[in-house]
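Asks: Please read through the structure below; I'll follow up with questions.
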Amino acid sequence: MATTIDDDQQGGINRRDFIYIGTAAFAAIGGAAAMWPLIDQWNPDASTLSLASIEVDLAPIQPGQAITVLWRGKPIFIRNRMPEEVEKAKAVDVKELKDPDAEVIGTANLPATDANRTKPGKEKWLVMIGICTHLGCIPKGQSAGDEKGPYGGWFCPCHGSAYDTSGRIRMGPAPRNMEIPPYRFVEDTKIKIG
Ligand code: FES
């Protein structure tokens with residue numbers, strides 16, 4: 001079941017851009033018994049736990065479409081890229097890039113190839129944190145009619161940063177590629193983020 005959040009502004013984020021796919025959002029609480037004393041002391045509220053990890057069903061996302069889900073309060077852009085978008089992203093020489101790091105959370109010094117920013121065999125899916133690395137605006141490019149910028153990916157209208165079809169910064173003041181969150185495929189068309 002998909003729920004569309006209304007389009008009021010909150011925290012600088014245009015809520016109209018968000019589609020939350022409420023599949024199975026749940027807390028990552030493996031080893032809960034052993035962790036109980038710590039958890040009890042920390043005592044996070046239920047809403048914090050509920051956002052620790054989420055599962056997202058990708059099956060409804062058609063080629064060329066993108067959705068945005070919320071994970072730990074951040075917008076996660078998920079795009080089912082067209083073959084030509086993938087080819088364009090793969091064809092880029094990393095040496096041309098402003099940020100040569102893949103910016104995959106939990107890794108360091110990983111070259112910013114498209115392969116390193118996606119999962120093997122699942123290259124059409126780009127999953128990244130949709131926050132401009134300049135001053136934190138939410139770039140345009142998720143909706144069909146959005147300005148995507150000269151590199152065909154995403155465009156941040158705040159100060160004119162343009163990202164390519166792999167979410168790498170190509171023009172403007174943003175210093176880094178948009179980040180890739182920790183995620184994995186739990187089924188052929190289902191991912192777990194976090
Ligand atoms: S916040 Fe995106 S270009 Fe400044």
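The values are calculated or read from the model by the stated rules, or taken from the named source; none is laboratory data. Predicted model only: the values in this text are computed from it and were never measured. Ideal geometry is used to build each Cβ from the backbone, glycine not excepted, and the neighbour counts take in all protein chains shown. Ligands, DNA and RNA are excluded from the accessible area calculation, which covers all protein heavy atoms including side chains. Shrake-Rupley method; radii C 1.70, N 1.55, O 1.52, S 1.80 Å.
Asks: What order do ASP93, ASP114, ASP146 take when sorted by accessible area (1.4 Å probe), most exposed first?
Replies: Putting ASP93, ASP114, ASP146 in descending order of accessible area: ASP93, ASP146, ASP114.
Asks: Would you kindly derive the ³J(HN,Hα) couplings of segment 114-126 from the backbone phi angles with the Karplus curve 6.51 cos²θ - 1.76 cosθ + 1.60 (θ = phi - 60°), listing them in order in whole Hz, with x for Gly and Pro?
Replies: 5, 4, 6, 9, 10, 9, x, x, 10, 4, 5, 8, 10
Asks: What distance in nm separates the two pseudo spin-label positions at LYS190 and THR107, each 7 Å out from Cα along the beta-carbon direction?
Replies: 2.6 nm
Asks: Between rounded, prolate and oblate, where does segment 54-194 land on the alpha carbon gyration tensor, with a ≥ b ≥ c its root eigenvalues, rounded for a/c under 1.5, else prolate if a/b exceeds b/c?
Replies: rounded
Asks: Over 19 Å between Cα atoms: which of LYS148/LYS190; LYS122/LYS192; LYS74/LYS140; LYS90/LYS140 fall into that group?
Replies: Beyond 19 Å: LYS148/LYS190; LYS90/LYS140.
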